[in-house]
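Novice: Quick one: structure below, then a few questions.
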Amino acid sequence: TTTGLILFFQSGRPLGAGVRLGMGLRMNRTKGDEEEYWNSSKFKAFTFDDEDDELSQLKESKRAVNSLRDFVDDDDDDDDLERVSWSGEPVGSISWSIKETAGNSGSSHEGREQLKSRNSFSSYAQLPKPTSTYSLSSFFRGRTRPGSFQSLSDALSDTPAKSYAPELGRPKGEYRDYSNDWSPSDTVRRLRKGKVCSLERFRSLQDKLQLLEEAVSMHDGNVITAVLIFLKRTLSKEILFRELEVRQVALRHLIHFLKEIGDQKLLLDLFRFLDRTEELALSHYREHLNIRDPDKRKEFLKTCIGLPFSAEDSAHIQDHYTLLERQIIIEANDRHLESAGQTEIFRKHPRKASILNMPLVTTLFYSCFYHYTEAEGTFSSPINLKKTFKIPDKQYVLTALAARAKLRAWNDVDALFTTKNWLGYTKKRAPIGFHRVVEILHKNNAPVQILQEYVNLVEDVDTKLNLATKFKCHDVVIDTCRDLKDRQQLLAYRSKVDKGSAEEEKIDALLSSSQIRWKN
Amino acid sequence: MAFPHRPDAPELPDFSMLKRLARDQLIYLLEQLPGKKDLFIEADLMSPLDRIANVSILKQHEVDKLYKVENKPALTSVELCFHLPLSLVNADKLAGRTRKYKVIFSPQKFYACEMVLEEEGIYGDVSCDEWAFSLLPLDVDLLSMELPEFFRDYFLEGDQRWINTVAQALHLLSTLYGPFPNCYGIGRCAKMAYELWRNLEEEEDGETKGRRPEIGHIFLLDRDVDFVTALCSQVVYEGLVDDTFRIKCGSVDFGPEVTSSDKSLKVLLNAEDKVFNEIRNEHFSNVFGFLSQKARNLQAQYDRRRGMDIKQMKNFVSQELKGLKQEHRLLSLHIGACESIMKKKTKQDFQELIKTEHALLEGFNIRESTSYIEEHIDRQVSPIESLRLMCLLSITENGDARCSLDTHYGPEHLLTFSNLRRAGLLTEQAPGDTLTAVESKVSKLVTDKAAGKITDAFSSLAKRSNFRAISKKLNLIPRVDGEYDLKVPRDMAYVFSGAYVPLSCRIIEQVLERRSWQGLDEVVRLLNCSDFAFTDMTKEDKASSESLRLILVVFLGGCTFSEISALRFLGREKGYRFIFLTTAVTNSARLMEAMSEVKA
């Protein structure tokens, strides 16, 4: 087995950025989950009409290139390209090798297991000081010292870099300084170089502040934080806060440091002291992200209501709480229904994910999908959600349309756009515009008859014609051309319909009709 | 197509030395722990490490097993730092094993990390070290510090921890490639980095003196001087590939949809890829034609083998075939990539999106753009995209354009909003303005005179954007008479289809032309950078005329491929060559993700 172990970290990552990266991933995943629900609401968009030529050009060249493949692929051995393993990683690359050894990564699993019980090991705390650490921080200082570049490869020996080689052979201990009379500015400079340097002698407040000011004027955040760690340890909270209030750069460093090490309590105290109420509220609210249990999360959100958010945010916080409360009820109910297997909709369309912690619109989609016909009184009915959260009409219609179209419930779709006036006449009306309706329907593979119906409702003639052409609603195209008395366009369209089809016949009949006064 | 450099363009310095230095340091660190050892590598360090060393080098230095430390959400930040060492140490103790442990931070260790190790009682069990690897040459003219976290740490949190890293990197460059006779910069961070770097040089005085400068100019620029450019959709090929597939550390994973086979392929994208090198800076609309032409040429070259006699055939196979085959491979890859980009963009309604962006940049049809963005949100396209558009609207229109995004993407987004405002990506709202309906807000913004008074200390970073006025002053929106010919670009605006000259690049152009900030006072004031625009010239007669046409541009907080393309274009026009140093290559999605605060 091995005798040593090395861990590589990107600086700072172990403290903060790891979380952020994790969040990035998380976000993508949530997005993925939502996509499950939202597939239906993404519109099939336009093609770059005028780029068509170029695309076909591209296709053509692709064919040309592919046709050469037979000739080219006869022997792959003397390939200049990087050799790549089955997974696509270049053979011999480090990422590739890790995958290869992934099978026997036992110890890392062990490691993970241990994480949970770390507290029980904290008694190991008393351990000897580091034996021999070497400073690399002085790597490129460029002073040529004897023996200073022994481990650099020979390749470098004849380049100017030679004289900037690191002082590799020197143990850090040599640099350690026990001297007590470094001035604040010397101390700060030594800290910047990564040297061990005791700050204990700065005991008076004045000395401490001078040290801090030196650090700030040097601009190195690492040093500022180092001094702040010392100040935090050796000053009372109130004094520290008071002094930082007038030192904004240092203050920002302390806030970031507290966030990174997760000292939420001190952070909140600090915001309270500074009277930054909104940040205090947001910071408190942020904690809910770490609570996984939905009920606990809900209870926590309850404590956020009434915190001094901006008026706008307050409303969102209230909504957040109400929404989660709803979702918990809906989730429990639906999970039960689904497992009982008695409800048709859940049998036909099993749920892909839990509805917990989904955004409002996703929740609305869910409820339009599974609970469309419910009476307004139930928590899960779409109308109830619409009222409770004051969802605008447009948004509601878009969402309901997407959900019902996905289920191919064309009657519901119809009803969504039908309004009756007081005389009992029905009229079709779409707050989102019928061109959008058509696109959503097409995205959900609505049959041509349905599409046709809605294409016909598009008011703008050009848009109507475009959509009809795009979605092959032949009748609409033909009728529109007739109404426009546009013989040329009708002629052109004739080439796009199938030979011998009913559409072709219809066009021919129109073209030969003497009743129509064509404009061209 | 594929503009050649002017014959008098200067040669680029050789940056491969940086890789060798990094590798030697790595080997040195490995040798610090003699004998067989296992290596745990943090996921984000994998790609950069791959560019420096390979497995056989690690094996030569007795690395036994390699493990990747995943950034799983279950492991929080702090856990990563001390739990892993702690648990490994303790697991070994239980098993009666004694091993040595070393934690290596790259590019530098922080006192905060050591503090955590100390508090948890394993300081001493493990030794800490640094791998001062901060400059990765991704290409002949592109150096990356691979520090994507720089953006959030500095521009959101106001943490200056990376400034020293930047200063060290600049110091390294000046020791290797000579002093920089002309320095310019804009931005608070740029100024601090510059000062710290000068300090470093003074402390180690004398080393760079007497050296001939290889690079005549250095220009430092903060990302927050120009958020707008970074927020735009990219339409030059390399930028589009980055937006679509995400280029990571100079290489991209092309999935089966691109490779037209069942496997993915990791492809290095740099000047060595001959096909890529010719199209990387092109507007996407030119790429098709170019690839078609290339394919035809290739076919013609293959066709030549017909009617060859044995001897000619032998020559053909031994001399040309290999090159042709490689070109063929590359060509089919990039054609596949183009097809895939087209498919994705068509689905996204890209044309409309671009139209809206251009309207925002030019500042008309605001109402229409606003309703487009609203609809974009309603359609649940993607939270990141919607956030991006809102930020663009807010900065270009100088006001808050918050929509009902919470409803759509989960209420946690209100934390993200607060972040965006602090970083100045959403501009400050006038107090008391709590209208959520975008339309009423925007109509108000058009006549908005109430400057929000900045009382909050965090707002010292946030500031009002004066994009419209700056755009006018610097002529960022080219006047178009007739069609803008993207095949023969006439200015840097071609990287945004002729609609907009990237602000960052325009500033650099202007300053280089004047060799100072003279006459740009108004622009600097509008950028809120009056105290942070600087020039520093040393009378350096040793600088050759060639070196004076080499310019190192340092982007603090990231630069986009569009900006790189635009400056490469400028270089070709003026006979300069630009070298790019960035904390990381970025794009709009990365900026938005860095500001997001969503965790479940």
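The values are calculated or read from the model by the stated rules, or taken from the named source; none is laboratory data. For clarity, every value in this text was computed on a predicted model and none was experimentally measured. Cβ atoms come from the backbone with ideal geometry, glycine included; neighbour counts cover every protein chain shown. Note: areas computed on protein heavy atoms with side chains; ligands, DNA, RNA excluded. Shrake-Rupley method; radii C 1.70, N 1.55, O 1.52, S 1.80 Å.
Novice: Past 29 Å, Cα to Cα, is the threshold; run A:420/A:496; A:352/B:343; A:406/A:506; A:390/A:428; A:352/B:266; B:355/B:574 against it and keep the listed order.
Specialist: Checking Cα-Cα distances, A:420/A:496; A:406/A:506; A:352/B:266; B:355/B:574 exceed 29 Å.
Novice: For the stretch B:237-346, with only Lys/Arg (+1) and Asp/Glu (-1) charged at the beta-carbon, what is the dipole magnitude about the Cα centre, in debye rounded to 20?
Specialist: My answer is approximately 400 debye.
Novice: When the C-alpha atoms of the stretch A:358-495 are aligned to their principal axes, what extent does each axis show, in angstrom, from largest down?
Specialist: 57, 37, 21
Novice: Specify, per residue and in Å³, the volume enclosed by the convex hull of the alpha carbon atoms belonging to the stretch A:288-381.
Specialist: Details: hull volume 10.2 nm³, N = 94.
Spread over its residues, the Cα hull of the stretch A:288-381 gives 109 Å³ apiece.
Novice: Pairs of alpha-carbon atoms within less than 8 angstrom and 6+ residues apart define the contacts here; what relative contact order does the stretch A:407-469 have, in percent? Show your work: numbers first, answer last.
Specialist: On the way: 42 pairs, mean separation 16.4, N = 63.
Reported relative contact order: 26 percent.
Novice: OK, next. Mind grabbing the interface size between B and A? I mean buried accessible area, both sides, 1.4 Å probe, in Å² to the nearest hundred.
Specialist: 16400 Å²
Novice: Next up: Can you give the translational diffusion coefficient of the stretch A:473-519 in µm²/s, computed by Stokes-Einstein from the Kirkwood radius over Cα pairs at 20 °C and 1.002 mPa s?
Specialist: Result for D is 205 µm²/s.
Novice: With a Förster radius of 30 Å, plug the Cβ-Cβ distance of residue A:470 and residue B:513 into 1/(1 + (r/R0)^6) and report the FRET value to the nearest 0.05.
Specialist: With R0 = 30 Å, the Cβ-Cβ based efficiency is 0.05.
Novice: From other protein chains only, count the Cβ atoms within 10 Å of every residue's Cβ in A:426-433, then give the mean.
Specialist: Numbers: counts 0, 0, 0, 0, 0, 0, 2, 1.
Shielding by partners across A:426-433 averages 0.
Novice: Run through the stretch B:528-560 and list the trypsin sites (Lys or Arg not before Pro) located in a DSSP loop whose Cβ has at most 15 other Cβ atoms within 10 Å.
Specialist: Passing both the DSSP loop test and the Cβ count: B:539, B:542.
Novice: Indicate the gyration tensor shape class of the stretch B:228-301 (rounded, prolate or oblate), computed on the Cα atoms with a ≥ b ≥ c the square roots of the eigenvalues: a/c under 1.5 is rounded; otherwise a/b larger than b/c is prolate and the rest oblate. Write down the numbers at each step before the final one.
Specialist: Working: a/c = 1.87, a/b = 1.22, b/c = 1.54.
In terms of gyration-tensor shape, oblate.
Novice: Given 20 °C and 1.002 mPa s, how large is the Stokes-Einstein diffusion coefficient of the stretch A:407-469 in µm²/s, with Rh as the Kirkwood radius over Cα pairs?
Specialist: 175 µm²/s
Novice: Something else now. How many angstrom lie between the C-alpha centres of the stretch B:126-144 and the stretch A:249-272?
Specialist: A separation of 30 Å, based on Cα centres.
Novice: Taking θ as phi - 60°, what are the ³J(HN,Hα) couplings along the stretch B:265-282 by the Karplus curve (6.51, -1.76, 1.60), each to the nearest whole Hz, with x for Gly and Pro?
Specialist: Those phi angles translate into 9, 8, 10, 7, 10, 7, 4, 6, 7, 4, 5, 4, 4, 7, 10, 4, 8, 7 Hz.
Novice: Run through the stretch A:241-322 and list the trypsin sites (Lys or Arg not before Pro) located in a DSSP loop whose Cβ has at most 11 other Cβ atoms within 10 Å.
Specialist: Taking the stretch A:241-322 and a limit of 11 other Cβ atoms within 10 Å, the loop trypsin sites (Lys or Arg not before Pro) found are A:292.
Novice: Same structure, new question: Can you tell me the relative contact order of the stretch A:184-275? Whole percent, Cα pairs under 8 Å, sequence separation 6 or more.
Specialist: 22 percent
Novice: Which trypsin sites (Lys or Arg not before Pro) in the stretch B:275-380 pass both tests, a DSSP loop state and at most 10 other beta-carbon atoms within 10 Å?
Specialist: B:306
Novice: Still on this model: Given a cut-off of under 8 Å on Cα pairs at least six residues apart, what relative contact order in percent is computed for the stretch A:290-391?
Specialist: 19 percent
Novice: Right, another one. Kindly give Rg over Rh for the stretch B:233-360, based on alpha-carbon atoms, with the Kirkwood expression for the hydrodynamic radius.
Specialist: Rounded to two decimals, Rg/Rh equals 1.07.
Novice: While we're looking at this one, here's another question. Tell me, what is the per residue accessible area of the stretch A:184-275 in Å², probe radius 1.4 Å?
Specialist: Here the residues of the stretch A:184-275 average 40 Å² of exposed surface.
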